[in-house]
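Trainee: Before we start, here is the structure in question, set down as structure tokens.
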Amino acid sequence: MTARMVHDGLFRLDSDGDIRLLGSRCEECSHLQFPVAETCSMCGSERSTTIDLERQGTLWLSTVVTNAPPGYLGEVPYGFGVVELPSGLRIITLITEKEVVEFGTPLRLVAHDLGINDDGEMVVTYAFSPGSS
Amino acid sequence: MTNSVAVAGVGLHPFGRFDRTVTQMGVSAVRAALEDAGNPSFQSVFCATVYSGVAAGHKVLGALGLTGTPIVNVEAGCASGGAALMLATNAVRSGQCDTALVLGIEKMPRGIIRSSFFEPWREQSGLAATPAYFALRAMRLMRDSGITKEDLAQIVVKNRAEGVNNEIAMYRTATTVEAVLESRLVCEPLHLHMLCSPNEGAAAIVVQRSDLARRDAPKIASAQLRSHLPGSILGEATPLSGVADENIPAASTIAAHAAFEEAGYGPDDLDLIECQDTDAAREILAYEELGLCARGDSAQLVRNGDTARGGRWPVNLSGGLLSKGEPLGASALAQIIELSNQIDGRAGIRQIENAQIGLAHTVGRGANAAVVIITK
């Protein structure tokens, strides 16, 4: 089955399944953003560099979603929360656990199969999973 | 020289689910507010709504044969009504007009609401689940302030007890901590009864120069709207991506400071408060953001009953959104109508003694927040 990234430019997916989230670092104020953005949401600068974000982080907040929200391609229940990267950037993310994960738990970035779209393709997004890579 | 501004007349269409169009509900609220104000002429109209489509205010005024003035439709998420009231207050205060009509109308979609705020990839990835964002905010409050699920349930019990006596509320039965905690778990820690229901309704307020209104009409001491500061989105209702925001003041705090400064009052001067209880945790967070207590100290307010009827700051005597439900455009105006009626001695069975200064707070997607102070 063909795999399709849920959105171009969110992350890079290598043939061996290795995944890297892409972010922007502002050349003026060093502010980090995810996803990649043309303007810096802190200072408004248009000078930024696209960078690979860290693959390791810690759990900052988590919950479990029990009802499928509009447009969602995956299954319920699913873990949902915020991961904090060592750089201080906090990212909203799916979490592979179906229960609340404790604050500070080490998390690693993984590629996550959401479900099949109307074109019969497996849609892949990013998620974080307890553990170290 | 600026004008003193009064709430000259108020009108409400009940909040709930109705077999009526949003225009019909708006017509009924506007008619009631104009009648309450003695049917004055007005020179500007501001209509708050999020889901009513193009030129929604024009349809209401058109149905009443009251077009011809500028009609501006206003969208600021949950704070839309506060935004419209701010515009009307500024117009009258500055002398741009003597009388302005504010209305808020809404007929919310059913179920989890699809919002154009989220890009398609976030929807497909399951990252557009609004109650889940509320749940994360509640989790953070529990961690930072020692709030428990019982505290969250207690807020629902408090507000629903008031909703029993509000004829426009959608839910008019009292509840218990046990019943709230037994309701379905939506997203840990939020159970179904801790979340307000999006619904339908309308509200209207005639904003007028005080010297033209009846002499004892409540005054609008301040009406402020503020958006979030850069970097702080994660701390508000819609965390998408952000940095540590612990030292960045929330939009609600900035709006409250501005309102307190303009009105010349502080939290200690308030006799009653209507605040955003989209979910039970949101109300408790507002206690901290509005300065009723220091950051992290809100649990004591809940457990001491400081924000219940008879406490130091009765909060949500209208029953709050947890009783009334939330028709986005109308909800902030209904808060202001509750304050006005209390200050005016017209709150009926819900009337408290010596209501002189009240504060209304709404916050929502954007992020943005409105804070309005009403005085005798």
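Derivation of every value follows stated rules applied to the coordinates shown; laboratory data play no part. Here the structure is a predicted model, which is why all the values come from computation and not from measurement. Don't worry about glycine lacking a Cβ; one is built from the backbone with ideal geometry, like all the others, and counts go over all protein chains shown.
Trainee: List, in the order given, every pair from B:Lys107/B:Lys324; B:Lys107/B:Lys376; B:Lys59/B:Lys107; A:Lys98/B:Lys158; B:Lys107/B:Lys149 whose Cα-Cα distance in the structure shown is over 25 Å.
Mentor: Values: B:Lys107/B:Lys324 14 Å; B:Lys107/B:Lys376 33 Å; B:Lys59/B:Lys107 14 Å; A:Lys98/B:Lys158 32 Å; B:Lys107/B:Lys149 31 Å.
In this structure, B:Lys107/B:Lys376; A:Lys98/B:Lys158; B:Lys107/B:Lys149 lie more than 25 Å apart at Cα.
Trainee: Suppose R0 equals 41 Å. What FRET efficiency, 1/(1 + (r/R0)^6) with r the Cβ-Cβ distance, do A:Asp16 and A:Ala37 give to the nearest 0.05? If you can, show how the numbers build up before the last one.
Mentor: Numbers: r = 28 Å, r/R0 = 0.69.
Given R0 = 41 Å and the Cβ-Cβ separation, E is 0.90.
Trainee: Roughly how far apart, in whole Å, are the Cα centres of region B:268-325 and region A:45-92?
Mentor: First find each Cα centre; the distance between them is then 31 Å.
Trainee: Using a Förster distance of 25 angstrom, determine the FRET efficiency expected from the C-beta separation of B:His58 and B:Glu262, and round it to 0.05. Before the final figure, lay out the partial values.
Mentor: Values: r = 31 Å, r/R0 = 1.25.
So the FRET efficiency works out to roughly 0.20.
Trainee: Whole-Hz ³J(HN,Hα) for each residue in region B:179-192, computed from phi via Karplus 6.51 cos²θ - 1.76 cosθ + 1.60 with θ = phi - 60°, x for glycine and proline: what do you get?
Mentor: 5, 5, 6, 8, 5, 4, 6, 8, 9, 3, x, 8, 8, 3
Trainee: Let me ask something additional. Within 10 Å of each candidate Cβ there may be at most 14 other Cβ atoms; applying that plus a DSSP loop requirement, which trypsin sites (Lys or Arg not before Pro) in region A:1-71 survive? Before the final figure, lay out the partial values.
Mentor: Working: sites: A:Arg4, A:Arg12, A:Arg20, A:Arg25, A:Arg47, A:Arg55; in loops: A:Arg47, A:Arg55.
The qualifying sites are A:Arg47.
Trainee: What shape does the protein assembly as shown take by its C-alpha gyration tensor, where a ≥ b ≥ c are the square roots of the eigenvalues and a/c under 1.5 counts as rounded, a/b above b/c as prolate, and the rest as oblate? Could you put the intermediate results ahead of the total?
Mentor: Values: a/c = 1.87, a/b = 1.69, b/c = 1.11.
Since a/c reaches 1.5 and a/b is larger than b/c, the shape of the protein assembly as shown is classed as prolate.
Trainee: Then there's this: When only C-alpha pairs under 8 Å and at least 6 residues apart count, what is the relative contact order of chain B, in percent?
Mentor: Worked out over chain B, it gives 26 percent.
Trainee: Using only alpha carbon pairs under 8 Å that are at least six residues apart, calculate the relative contact order of region A:3-130 and give it in whole percent.
Mentor: Numbers: 295 pairs, mean separation 29.7, N = 128.
Answer for region A:3-130 is 23 percent.
Trainee: I need the peptides B:39-50, B:166-177 ranked by packing, meaning the mean over residues of other C-beta atoms within 10 angstrom, with the highest value on top.
Mentor: B:39-50, B:166-177
Trainee: Compute the angle between helix B:22-36 and the longest alpha-carbon principal axis of chain B, please, reported from 0 to 90 degrees and rounded to the nearest 10.
Mentor: 60 degrees
Trainee: Follow-up. As I understand it, the value is the acute angle between the Cα axis of helix B:280-289 and the longest principal axis of the Cα atoms of chain B; what does it come to in degrees, rounded to 10?
Mentor: For helix B:280-289, the angle is close to 70 degrees.
Trainee: Related question: Tilt of helix B:328-344 relative to the longest C-alpha principal axis of chain B, in degrees (0 to 90, nearest 10)?
Mentor: 70 degrees
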